[in-house]
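Right, one structure below, let's go through it.
The values are calculated or read from the model by the stated rules, or taken from the named source; none is laboratory data. Given the structure is predicted, the values throughout are model-derived calculations rather than measurements. No Cβ is skipped: glycine too gets one built from the backbone with ideal geometry, and neighbour counts run over all protein chains shown. Quick note on the areas: whole protein, heavy atoms, side chains included, nothing else; ligands and nucleic acids left out. Shrake-Rupley method; radii C 1.70, N 1.55, O 1.52, S 1.80 Å.
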Amino acid sequence: MLKWLVFIIVVAYVAGFAAFASQLPHPPRTLGPVDGIVALTGGGMRLDVAVALFEKGVGERLLISGVNTQASKRDLKKLVHGKRRFDCCTDLGYAAENTFGNAKEAAAWTRFHHYKHIVLVTSRYHMPRSLLEFHDVMADVTVIPYPVDPDNGRGFPSKMRNLKALHSEYWKYLAVNFLTAAGLEPDLDRERPASAS
């Protein structure tokens, strides 16, 4: 009986992981009306993509959430090759230490600016959990996912790093679902990025 239970759990886990991996979102081909962009720090070309979108005229303002407290706006501008719009209309969020913190920081930002449609830029494997946590704190805001593939290089080591990151995200995704269903705050992965790249 115990062997069958273990077998069922393993099969359910593998099937769930396969479904999770196969349903990761892709960037939309077109973007409709957008009030603002929220970019989450943490690497994977997230900021480059978000700033490029913003400089092309997407949204009124850009929020970069989870910025290291040592990084200034000038530092970030050089890092991501920001231009005029970056100077006038980019906000830096220093309070978030994890994804749930990003969501709370973005929720306060959208309320302050009365935004109802935002683009969320983060890594593709990180997007499903981010959407869960963002919807939990801003149910009245339309969040449009704009996922970015991590720039981890090529070859077997890179594939293994990607698989490890994806597996870690799947666990966190399951945990967030459980905690949200239980009415608890999904305060996972407490960390502050060493840099804003």
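Residues GLU133, GLU105: which one is out of contact with any Pro (no Cβ under 7 Å at 6 or more places or on another chain) and among the acidic types (Asp, Glu)?
Details: GLU133 fails: out of contact with any Pro (no Cβ under 7 Å at 6 or more places or on another chain).
GLU105 is the lone residue from the list that is out of contact with any Pro (no Cβ under 7 Å at 6 or more places or on another chain) and among the acidic types (Asp, Glu).
Taking the residues in the range 28-45 that are over 11 Å from the mean Cα position of the chain (by Cα) and part of a strand (DSSP E or B) as candidates, determine which candidate is surrounded by the fewest Cβ atoms within 10 Å (Cβ to Cβ). Working first, answer last.
If we filter the range 28-45 for residues that are over 11 Å from the mean Cα position of the chain (by Cα), which is where we start, we get 28-37, 45.
Of the ones still in play, those that are also part of a strand (DSSP E or B) are 36-37.
On the way: GLY36: 23, ILE37: 25.
This residue is GLY36.
Could you please let me know if VAL137 is at pLDDT below 95, under 26 Å from PHE54 (Cβ atoms) and among the β-branched types (Val, Ile, Thr)?
Working: at pLDDT below 95: yes; under 26 Å from PHE54 (Cβ atoms): yes; among the β-branched types (Val, Ile, Thr): yes.
Here the answer is yes, as VAL137 does meet what is asked.
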| Going by the structure shown, is VAL38 at pLDDT 85 or above and either over 21 Å from VAL141 (Cβ atoms) or small (Gly, Ala, Ser) (or both)? | no
| note | So the helices (runs of 4 or more DSSP H) completely within the range 46-151 holding 2 or more residues that are within 25 Å of HIS26 (Cα to Cα) and open to solvent by less than 50 Å² (accessible area, probe 1.4 Å) are 46-55, 99-113, 127-137
